[in-house]
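Trainee: The structure that follows is given in the form of structure tokens.
The values are calculated or read from the model by the stated rules, or taken from the named source; none is laboratory data. Quantities reported herein were computed from a predicted structural model and do not represent experimental measurements. Here Cβ is always computed from backbone atoms with ideal geometry, including for glycine, and neighbour counts include all displayed protein chains. Note: areas computed on protein heavy atoms with side chains; ligands, DNA, RNA excluded. Shrake-Rupley method; radii C 1.70, N 1.55, O 1.52, S 1.80 Å.
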Amino acid sequence: MKTLALAASVSLLAVTAAAAQDFGAAAQRDVDALHQEIRDNHPALVTGGDEAGFAQRLAAGYATARDEASRVRDAQAYAFTLRRFARSMEDTNISFDPNWQTPPLWDAQRWTQFTTGWRNGAYVVTWVDPAAGRNAPPVGATLISCGEQSAEEFARRRLDGWEGDLDQPGDREQTAPYLFWDRGNPFVGGLPTSCRFAPNGRGRGRDYTLAGAFATEPSLRAAWASTVYTPQTALSVETMAGGHWIHVHDLSQGNASQAFLAQIDAQLAAIQGGNVVIDLRGARSGSAALGYSLANRLWGVDYRVSQQRISGQIVYRVSQDNRQFFADTLGRMQGDPVFAANYPGAVRQMQDLLAQFDAAAASGQRTFTQQITPPIPAIEAAAVEGEASAAAQAAAPTNAMRGNIVVLVDGGCRNACLDVVDMLATLPNVRIAGTPTGADSIHFEQTRVALPSGHGYLNYGHKTWVGRTRASNVGFVPTGGLAYTGSPTDEGAVRAWVASLFGG
């Protein structure tokens with residue numbers, strides 16, 4: 001991790017120090033390009049039920065971003081401006097990525113030598129640097145205010161839109177450590193010098209004079225790990241009382257995922273015979289394919305497909321750029337002789353889709369619609385075709401899982417992780433437990449566009465799932481006894497709580 005942080009810092013410094021590089025001009029150019037790309041191609045402007053609202057947010061965000069771009073002086077200000085503009089449209093599938101190496105989640109330049117977490121509706125101190133002395137509130141203290149701003153107003157100013165969407169509970173959890181960290185955003189002001197905390201979480205509290213300091217890597221890493229769940233092993237299987245605990249904290253495909261699936265295969269009969277925890281906390285990376293491969297083994301592909309309850313329609317916005325995405329996809333399919341030979345149905349589907357684009361454009365239509373059929377289109381074409389044929393051969397598939405299943409989630413479960421949870425939630429004896437996940441919108445399947453300056457990329461969904469069971473920009477929020485309210489980094493407490501869900 002130290003190497004990663006150093007590489008990220010060197011990469012950012014190289015970008016910042018580039019000779020004669022005008023990030024202010026780059027920001028203005030890229031803000032204009034981002035606005036035009038969304039205006040001309042995003043489906044939310046013509047379908048999805050919030051067309052007028054989306055248009056208003058796009059216009060307001062554009063005006064704000066142009067103002068901020070005029071004040072950009074360096075790479076970090078450039079990145080924060082573009083990120084905030086992308087988030088301003090309130091579509092969780094729209095994002096901006098700079099083209100330099102992304103620093104680790106716990107990265108910061110300066111801080112007040114302590115960290116807060118989001119705990120039961122409040123910002124609570126979770127870690128204090130030993131070097132802070134008496135300049136920091138104690139662990140467990142609850143933030144009340146900073147100057148004239150309430151805790152909520154202070155958090156909105158420093159975090160909302162810049163680091164995440166504070167109206168999303170998963171983002172509240174994941175961004176809370178940054179409240180008293182300086183991450184290079186020039187638009188939110190410096191670190192506070194005085195804030196009021198209630199040391200025991202009760203009463204009016206008292207004011208603390210805060211001292212800013214250089215943030216060292218070991219302290220930041222320790223502070224982050226004390227506040228937000230940080231997986232130690234990405235993929236593994238372990239035994240627990242009455243069953244197995246399956247760690248799926250990273251959905252990336254590769255040698256590690258293949259070794260993990262081999263581990264599942266070797267223990268499959270034992271896993272299927274007892275209770276199971278599928279731990280998806282922190283699974284922000286990768287694709288849904290690994291989650292589907294796991295489920296296909298545990299439940300059997302025929303049974304898993306038979307339980308899918310997917311309804312609705314896919315609406316495509318007709319534009320040249322949107323058509324080009326699928327034309328490029330078809331080109332890659334046809335350019336791979338192995339794929340083209342083994343999955344001719346996927347090639348035909350893509351050819352048919354392009355024909356529909358052309359017919360709709362010729363008749364002046366802004367959109368056209370397809371019925372959605374299982375599996376979810378987010379899964380690779382090869383998996384779609386293979387699963388469909390397998391399901392067709394099975395007359396009456398049976399459930400191979402004989403125990404109860406808990407799917408454990410948190411705010412780090414986002415992106416493809418949500419597709420996996422959607423699928424698992426349809427299966428019998430499955431309960432979703434933990435803390436709120438991230439969210440995604442009904443505008444899906446990502447287009448990635450390089451912005452004119454060459455400093456970053458815009459990502460957005462180019463088609464719309466109308467009628468999706470889970471509403472747009474909504475994640476999974478466990479409730480009642482399935483909601484974990486303790487410290488997410490106290491693994492002993494988490495394990496004991498999960499055991500209680502099985503009656504332990």
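Trainee: If you scan the stretch 339-355, which residues turn out to be part of a helix (DSSP H, G or I), open to solvent by 20 Å² or more (accessible area, probe 1.4 Å) and either aliphatic (A, V, I, L, M) or farther than 22 Å from G461 by Cβ (or both)?
Mentor: F339, A340, A341, N342, P344, R348, M350, Q351, A355, listed by residue number.
Trainee: Here is a follow-up. Give the stretch 455-484 a look and list any residue that's out of contact with any helix residue (DSSP H, G or I) (no Cβ under 8 Å at 6 or more places or on another chain), open to solvent by less than 60 Å² (accessible area, probe 1.4 Å) and assigned to a loop (DSSP other than H, G, I, E, B), or say none.
Mentor: Hits for the stretch 455-484 are G467, R468, A471, S472, N473, P478.
Trainee: Testing T47 on (1) farther than 22 Å from G184 by Cα; (2) within 21 Å of the chain's Cα centre (by Cα); (3) of a type in the set (V, I, T), one condition comes back false. Which one is that?
Mentor: It fails just one condition, (2).
Here's the yes/no breakdown for (1) within 30 Å of G412 (Cβ to Cβ); (2) charged (D, E, K, R); (3) open to solvent by 30 Å² or more (accessible area, probe 1.4 Å); (4) touching a strand residue (DSSP E or B) at 6+ places or on another chain (Cβ under 7 Å):
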{"site": "Q263", "(1), (2), (3), (4)": "yes, no, yes, yes"}
{"site": "L298", "(1), (2), (3), (4)": "yes, no, no, no"}
{"site": "S311", "(1), (2), (3), (4)": "yes, no, yes, no"}
{"site": "P337", "(1), (2), (3), (4)": "no, no, yes, no"}
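Trainee: Separate question: Among helices (runs of 4 or more DSSP H) lying entirely in the stretch 1-109, which contain 3 or more residues that are modelled with pLDDT of 95 or more?
Mentor: Filter on the stretch 1-109 gives 23-41, 51-69, 75-88.
Trainee: Return the residue satisfying two criteria in turn: it lies in the stretch 241-260 and is touching a residue at least 40 places away in the same chain (Cβ under 8 Å) and of a type in the set (A, V, I, L, M), and of such residues it is most open to solvent (accessible area, probe 1.4 Å).
Mentor: That would be A241.
Trainee: State whether one or more residues within the stretch 405-425 are in contact with a Gly (Cβ under 9 Å, 6 or more places away or on another chain), part of a loop (DSSP other than H, G, I, E, B), buried (at least 24 other Cβ atoms within 10 Å of the Cβ) and among the acidic types (D, E).
Mentor: Yes, the conditions are met somewhere in the stretch 405-425.
Trainee: Can you name the residue in the stretch 439-454 that is in a loop (DSSP other than H, G, I, E, B) and touching a Ser or Thr at 6+ places or on another chain (Cβ under 7 Å) and is also nearest to L482 (Cα to Cα) among such residues?
Mentor: Taking the candidates together, the pick is A439.
Trainee: With the requirement that a residue be outside any helix (DSSP H, G or I), aliphatic (A, V, I, L, M) and surrounded by 18 or more Cβ atoms within 10 Å (Cβ to Cβ), what does the stretch 133-165 give you?
Mentor: Of everything in the stretch 133-165, those that are outside any helix (DSSP H, G or I), aliphatic (A, V, I, L, M) and surrounded by 18 or more Cβ atoms within 10 Å (Cβ to Cβ) turn out to be A136, A141, L143, I144, L159.
Trainee: On to the next question. If you take the residues of the stretch 82-107 that are in contact with a Pro (Cβ under 9 Å, 6 or more places away or on another chain) and more than 30 Å from A55 (Cβ to Cβ), which of them is surrounded by the fewest Cβ atoms within 10 Å (Cβ to Cβ)?
Mentor: Taking the candidates together, the pick is L105.
Trainee: I'm checking my understanding of the structure. Among residues of the stretch 378-398 that are under 31 Å from the mean Cα position of the chain (by Cα) and open to solvent by 40 Å² or more (accessible area, probe 1.4 Å), which one is modelled with the highest pLDDT?
Mentor: Step by step, filter the stretch 378-398, then rank; the result is A388.
Trainee: Further question on the same structure: Criterion first (under 22 Å from G203 (Cβ atoms), out of contact with any strand residue (DSSP E or B) (no Cβ under 8 Å at 6 or more places or on another chain) and surrounded by fewer than 23 Cβ atoms within 10 Å (Cβ to Cβ)) does N120 satisfy it? Give the derivation first.
Mentor: Details: under 22 Å from G203 (Cβ atoms): yes; out of contact with any strand residue (DSSP E or B) (no Cβ under 8 Å at 6 or more places or on another chain): yes; surrounded by fewer than 23 Cβ atoms within 10 Å (Cβ to Cβ): yes.
For N120, the condition - under 22 Å from G203 (Cβ atoms), out of contact with any strand residue (DSSP E or B) (no Cβ under 8 Å at 6 or more places or on another chain) and surrounded by fewer than 23 Cβ atoms within 10 Å (Cβ to Cβ) - is met.
Trainee: Could you identify the single residue in P169, P192, P199 that is of a type outside the set (D, E, K, R) and within 24 Å of N473 (Cβ to Cβ)?
Mentor: Testing whether each residue is of a type outside the set (D, E, K, R) and within 24 Å of N473 (Cβ to Cβ) leaves just P169.
Trainee: If you don't mind, there's one more thing I want to ask. Criterion first (closer than 30 Å to S88 by Cα, buried (at least 23 other Cβ atoms within 10 Å of the Cβ) and within 24 Å of the chain's Cα centre (by Cα)) does A439 satisfy it? Walk me through how you get there before you give the answer.
Mentor: On the way: closer than 30 Å to S88 by Cα: yes; buried (at least 23 other Cβ atoms within 10 Å of the Cβ): yes; within 24 Å of the chain's Cα centre (by Cα): yes.
Yes.
Trainee: Would you mind stating whether G274 is in contact (Cβ under 8 Å) with a residue 24 or more places away in the chain and either surrounded by fewer than 18 Cβ atoms within 10 Å (Cβ to Cβ) or out of contact with any strand residue (DSSP E or B) (no Cβ under 6 Å at 6 or more places or on another chain) (or both)?
Mentor: yes
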